[in-house]
Amino acid sequence: MKLASYNNGRRDGQLMLVSKDLTQAVAVPAIAHTMQQLLDAWDLLNPQLQELYEALNAGQMDNAVAFDESKCLSPLPRAYQWADGSAYVNHVELVRKARGAEMPESFWTDPLVYQGGSDCFIAPKADIEMASEDFGIDFESEIAVVTDDVPMGLTTENAAAHIKLLMLVNDVSLRNLIPGELAKGFGFFQSKPSSAFSPVAITPDELGEKWNDSKVHLPLVTHLNGELFGRPNAGVDMTFNFSQLVSHVAKTRPLSAGAIIGSGTISNYDRSAGSSCLAEKRMLEIIADGKPTTPFMRFGDTVRIEMFDENNVSIFGSIDQKVVEYKG
């Protein structure tokens, strides 16, 4: 099943059921007005939506309209929880290597996770507004899962059943602000502004065999200013799968329905696939040449993040954004 939230002038948008090929959409107010309402009663409402989804794909919904990604907010325009991991430990290892720092062995067995701001996400086609280019503006191409209610202390073996939706993410990062914040020993805040999510959220079954071992086994494609930047495979070199991440986050607290858990920057040891953020490319340049040559994003730069099936059909729609100056 595929779902979106149209901008209807309200904070949480209008829940839309979207056809598998992303050509048709239909509002379902008799079932749920918003994505959060659906997630709050997932077990009750999902079977009803599934029937409508089959009818929509069969062309049997008279009230269906052409799906328009430009009308989409992030599937959850705001959420109770946004916790982003760093599941591709080779990426962390690379970043530390570039600055001559050893990586603790525990990073291979205990996931890194930070709690991000979730009260205001950016729409997938909206501009990224920043006050200064000096912040070191970077994109991070990721995948995220959305859960139903997750009990505290959930085991990894039982976590997969609580993953209800998948989305793509642009986890915007301000690289020049990060060192100062981390030096305080209290984590990210100013250096992690609002993130953006794909126009469409999907149920894991939409991926078929490409959803395996709580991983998405497909490339995540990023274009910077219209040129291919990277297409690493999200199912390769993922040290901690999504079940492990969900279990880790729920170790000492329950999660409410609609909690979002991110994978962190997609990264492969095979560097020929390119990267999913500017920081990684810059680190590779430092290791090879002693200094970075790739700049961070400037006003007017664009980033596009998308994932395709084996027939080169977009699965989630695209995150397509421009960095612009924030005027206040």
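The values are calculated or read from the model by the stated rules, or taken from the named source; none is laboratory data. Model, not experiment: these values are computed from the prediction. All Cβ positions, glycine included, derive from the backbone under ideal geometry; neighbour counts span all protein chains shown. Only protein heavy atoms, including side chains, enter the accessible area calculation; ligands, DNA and RNA are left aside. Shrake-Rupley method; radii C 1.70, N 1.55, O 1.52, S 1.80 Å.
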Expressed in angstrom and rounded, the centroid-to-centroid distance over alpha carbons for region 50-80 and region 170-226 is 23 Å
Residues Ala161 and Tyr326, FRET efficiency given R0 of 30 Å [Cβ-Cβ distance, rounded to 0.05]: 0.10
Determine the order of Asp289, Asp110 by accessible area, beginning with the largest, at a probe radius of 1.4 Å. Asp289, Asp110
Which percent of the accessible heavy-atom area of region 89-151 goes to carbon and sulfur, probe 1.4 angstrom? 48 percent
If you keep only loop residues by DSSP, which GluC sites (Glu not before Pro) in region 282-326 have at most 16 other Cβ atoms within 10 Å of their Cβ? Glu310
Among rounded, prolate and oblate, which fits region 182-296 when a ≥ b ≥ c are the square roots of the eigenvalues of its C-alpha gyration tensor, a/c under 1.5 means rounded, and a/b larger than b/c means prolate? oblate
If r is the Cβ-Cβ distance from Phe107 to Glu209 and R0 is 25 Å, what FRET efficiency results, to the nearest 0.05? 0.25
Summing -39500 (n - 2.57) over every DSSP H run of at least 4 in the chain, dividing by its residue total and rounding to the nearest 500, the 222 nm mean residue ellipticity is -5500 deg cm²/dmol
DSSP beta bridges in the chain [antiparallel fraction, %, rounded to 5]: 90 percent
Residues of region 199-244: accessible area per residue at 1.4 Å, in Å²? 38 Å²
Which of Asn90, Asn170, Asn63 moves the most in a Gaussian network model of the chain with Cα springs under 10 Å? Asn63
Within region 203-294, report the trypsin sites (Lys or Arg not before Pro) that DSSP leaves as loop and that have at most 14 other Cβ atoms within 10 Å. Lys251
How large a share of the accessible area of region 273-328, in percent, is made up of carbon and sulfur atoms when the probe is 1.4 Å and the other protein chains stay in place? 48 percent
Connecting every pair of Cα atoms under 10 Å apart in the chain and solving the GNM, the largest mean-square fluctuation among Asn158, Asn312, Asn241 falls on Asn312
